[in-house]
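Chemist: Take a look at the following structure, please.
The values are calculated or read from the model by the stated rules, or taken from the named source; none is laboratory data. Everything numeric here is computed off the predicted structure, so don't read it as measured data. Cβ: placed from backbone, ideal geometry, glycine included. Neighbour counts: every protein chain shown. We work out accessible area using only protein heavy atoms, side chains counted, and drop any ligands, DNA or RNA first. Shrake-Rupley method; radii C 1.70, N 1.55, O 1.52, S 1.80 Å.
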Amino acid sequence: MTERLPLFPLGTVLYPGLVLPLHVFEERYRRLMADLTAGPEPHRFGVVAIRDGREVAPTGTESASPALAGLGPDPQRALFEMGCVAEIAQLQPHPDGRYELLATGTTRFRILSIDASGPYLTAEVEPVEEQTGPEAQVLAAGVERVFRAYQKRLAGAQETTVTGLQELPDDPNILSYLVAAASVLDTHDKQRLLAAETASDRLRTELRLLRREAAVLAKLPSLPAVELTRQASNPN
């Protein structure tokens, strides 16, 4: 079963169950929010990470399609194939047309086709079913141990203290997404985790990535924290 969703391309990856704050100021995304809120709830849109392009349209340039500004002529080349449905939980419109919102990731989707003819991108998408996979509980226990060690190394490199560590969820699928969101990884690694076929695959990849990152942090204890945690901001 497929559905059509408005797309919100970002320089980051949204996972199911995670919260996304957004400041919306570009005209195309103001239109998107206005169109969404004019319809019935739930107000849903698709968040997809940018593979090659920019979140914000360059100033002083014009595009044949406003929806493609900053992304080039081929959106399916500029964007990753898999994204996450975002459902608006809180929305604050401003008098000048901007919006502040909080959205929650719900389900993954795969893009089948993209339409750039309107003021913003829309896509025909198919939902991607969540699968646990074999040995998920064993892998989850391993990921939790390695993630705790990674957090301590990251705090040491940042010259901060790890305090008040929260309990991690027992559900392997939820844990896999929480760890993916909380780890300092580049967009391609985060996208690989989103696209993992099963929670077991995601957890197995996380074990490898976290061990790699912890090893790097161990060799760079004096690197300024800003260098370790710098990620693309979401201006929209």
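Chemist: Sorted by accessible area (1.4 Å probe), largest first, how do V85, V128 line up?
Modeler: Values: V85 0, V128 25 Å².
Solvent-accessible surface, decreasing: V128, V85.
Chemist: Given a Förster distance of 35 angstrom, what is the FRET efficiency for S117 paired with E197, based on the Cβ-Cβ distance and rounded to 0.05?
Modeler: Once the sixth-power term is evaluated, E becomes 0.60.
Chemist: Next up: Calculate the spin-label point distance for R145 paired with M1, positioning each point 7 Å from the Cα along the beta-carbon direction, and give it in nanometres.
Modeler: Output for this residue pair reads 4.2 nm.
Chemist: Mark the label point 7 Å from the Cα of T107 along Cα→Cβ and return the residues of the stretch 20-42 whose backbone N is within less than 16 Å of it.
Modeler: It comes to 42, nothing else.
Chemist: If I stretch the segment between D96 and A215 completely, what's the gain in nm (0.36 nm per residue apart, minus their alpha carbon distance), one decimal?
Modeler: 38.1 nm
Chemist: Also: Just grab the label-to-label distance for E81 and S65, each label 7 Å out from Cα along the Cβ direction, in nm (one decimal).
Modeler: 1.9 nm
Chemist: Ordering E206, E124, E27 by accessible area with a probe of 1.4 Å, largest first, what comes out? Walk me through the numbers before you get to the answer.
Modeler: Values: E206 5, E124 45, E27 115 Å².
These residues rank, largest area first, as E27, E124, E206.
Chemist: For the stretch 88-160, give the magnitude of the charge dipole about the Cα centre (Cβ charges: +1 Lys/Arg, -1 Asp/Glu; no others), in debye to the nearest 20. Write down the numbers at each step before the final one.
Modeler: On the way: 7 positive and 10 negative charges, 94 e Å.
I would put it at about 440 debye.
Chemist: If you look at just the Cα atoms of the stretch 68-201, how large are its Rg and its Dmax in Å?
Modeler: 18.3, 52
Chemist: Under a no-solvent Debye model with one identical scatterer per Cα of the stretch 1-123, what's log10 I(q)/I(0) at q = 0.13, 0.15, 0.22 Å⁻¹?
Modeler: Here the Debye-derived log intensity ratios amount to -0.47, -0.64, -1.45.
Chemist: Please give, to one decimal in nm, the separation of the simple spin-label points placed at A38 and T132, each 7 Å out from Cα toward the Cβ.
Modeler: 4.5 nm
Chemist: Return the long-range amide H neighbours of T107 (sequence gap of 5 or more, or a different chain), with a cut-off of under 5 Å between placed amide H atoms.
Modeler: V85
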